[in-house]
Amino acid sequence: MQGEGAAEPDIEAIARDPRYIALVRRRSRFTWGLSAVMLVGYFGFILAVAFAKPLLARPIAAGGVTSWGIAIGFGVILLAIVLTGIYVRRANRDFDLVAADLARDFAA
C-alpha cells in the first residue's frame, strides 16, 4: 500500500499507451515461443518414454551404465534452465527498460 499523498497511476492510460501495447505483444509472442519449445521437448521425452523404451534403455557406450533415457532426461532439465536464462536475459535487456520508462512517465 502506498503512503498518503502518493498519486495512483492511471491504469487505463497506461493500458492505452502504444509502448505498453507493443511491450505486451512482444513479451507474449516471445514467452509463447519459449513455452512451445519447452512443451515440445518435454512431451517429446514423455512420448519417447511411452513408445521408445528400448531406445531409451540402450546404453550410450558399449558396456556403459548410463542409458540414453538418462541423458535425454537430463537434456530436458538443461533445456528448461537454458530457456529460463534466455527469458531473463531478454527481459533484463528489453522488457524491463520499457516497463521502467512507462513507470517513470506515469508516476506522479
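The values are calculated or read from the model by the stated rules, or taken from the named source; none is laboratory data. Because the structure is predicted, anything quoted here is derived from the model rather than measured. Cβ: placed from backbone, ideal geometry, glycine included. Neighbour counts: every protein chain shown.
Here is a list: ARG25, ARG58. Which entry is under 30 Å from ASP10 (Cβ atoms) and more than 10 Å from the chain's Cα centre (by Cα)? Explain how you work it out, then say what you get.
Numbers: ARG58 fails: under 30 Å from ASP10 (Cβ atoms).
Result: ARG25 is the single residue among ARG25, ARG58 that is under 30 Å from ASP10 (Cβ atoms) and more than 10 Å from the chain's Cα centre (by Cα).
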Just to confirm my filter: which helices (runs of 4 or more DSSP H) fall fully inside the stretch 33-108 and include at least 3 residues that are at pLDDT 95 or above, among the β-branched types (Val, Ile, Thr) and surrounded by 11 or more Cβ atoms within 10 Å (Cβ to Cβ)? 68-90
Taking the condition of a type in the set (Lys, Arg), modelled with pLDDT of 90 or more and surrounded by 10 or more Cβ atoms within 10 Å (Cβ to Cβ), does ARG19 pass? yes
